[in-house]
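The values are calculated or read from the model by the stated rules, or taken from the named source; none is laboratory data. If you're wondering where the values come from, they're calculated on a predicted model, not measured in any experiment. So basically every Cβ, Gly included, is an ideal-geometry build from the backbone, and we count neighbours across all protein chains shown.
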């Protein structure tokens, strides 16, 4: 039985990956900021600021799935929270690298989350692949620094794969519940121009993609973790309203209104990226949900 260590395991994506791994007979452990009881999962403690980690977490692991990082949409982007967003990714990865470097272990694979935010806030209609240039802005800077730390782990001779995650669609959290609420009240509207692309992925496909990367020993490097057909913000809002049988009659919410409401974080929804998943498809990954309609019907039906 393989022993898999997950950081950020209690988050939206981590829970779904854990379900899949346990169902397949893997032994799963978490690295967490505090000791807690989680059924079927062993929990080890770490503190990235004190550079402390329970060594057994590393010595017992045969592979690591690295998801740790403060949620970019959880709080307003104050200077202190922006610092937390950056450090929770960079310092956690650096601590894993240093521990792997200094500890006798059997870790063969390191599968890390990243984000399509690396391409910048708004790249219009151009298709982006893994070789596209890094963009500018806060999230692009954070993600680039995060990936730089992950690449150091590959230098240790550990197979390393990076999944650049798009907009995760899930019932339990992420972007979808926030979009649903006003539409259910009959107050739905596109954001900004509505023309910005949203490269989405169903939570089930994303979790399966991490397991695919874990189990395919030839898979390494960077992969876009997005679905088949990126849509515009207007198309997404319209499709949700159609499935919920709710009207859409309000004008688009102006960009300046969103900026007044949430500040700099508004760039996340006012901009967008049209991201290609061709590389992961060529690697052999098969999606369960291939269209936006199928995805929303599964999540909202």
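Descriptive notes on the structure:
- Selection status of residue 270, modelled with pLDDT of 95 or more and either within 23 Å of the chain's Cα centre (by Cα) or surrounded by 16 or more Cβ atoms within 10 Å (Cβ to Cβ) (or both): no
- Leading residue by the ranking (farthest from the chain's Cα centre (by Cα)) among those in segment 50-70 that are farther than 20 Å from residue 107 by Cα and either buried (at least 19 other Cβ atoms within 10 Å of the Cβ) or free of Cβ contacts under 8 Å to residues at least 12 places away in the same chain (or both): 50
- In the set (1) in a helix (DSSP H, G or I); (2) in contact with a helix residue (DSSP H, G or I) (Cβ under 9 Å, 6 or more places away or on another chain); (3) modelled with pLDDT of 95 or more; (4) over 19 Å from residue 124 (Cα atoms), the condition left unmet by residue 163 is number (1).
- Test result for residue 228, surrounded by 15 or more Cβ atoms within 10 Å (Cβ to Cβ), within 20 Å of the chain's Cα centre (by Cα) and either part of a strand (DSSP E or B) or free of Cβ contacts under 8 Å to residues at least 24 places away in the same chain (or both): no
- Residue in segment 198-206 that is in a loop (DSSP other than H, G, I, E, B), at negative phi, at pLDDT below 95 and in contact with a strand residue (DSSP E or B) (Cβ under 8 Å, 6 or more places away or on another chain) present: no
- Of all residues assigned to segment 196-204, at least one qualifies as being free of Cβ contacts under 8 Å to residues at least 60 places away in the same chain and surrounded by 18 or more Cβ atoms within 10 Å (Cβ to Cβ).
- Yes/no for residue 280 being touching a residue at least 24 places away in the same chain (Cβ under 8 Å), in contact with a helix residue (DSSP H, G or I) (Cβ under 6 Å, 6 or more places away or on another chain) and in a helix (DSSP H, G or I): no
- From the options 137, 186, 124, 117, residue that is within 24 Å of residue 290 (Cα to Cα) and surrounded by fewer than 22 Cβ atoms within 10 Å (Cβ to Cβ): 124
- Residue check for residue 176: under 15 Å from the mean Cα position of the chain (by Cα), modelled with pLDDT under 95 and not in a loop (DSSP other than H, G, I, E, B): yes
- Residue among 219, 236, 250, 258 that alone is farther than 28 Å from residue 163 by Cα and in contact with a strand residue (DSSP E or B) (Cβ under 9 Å, 6 or more places away or on another chain): 258
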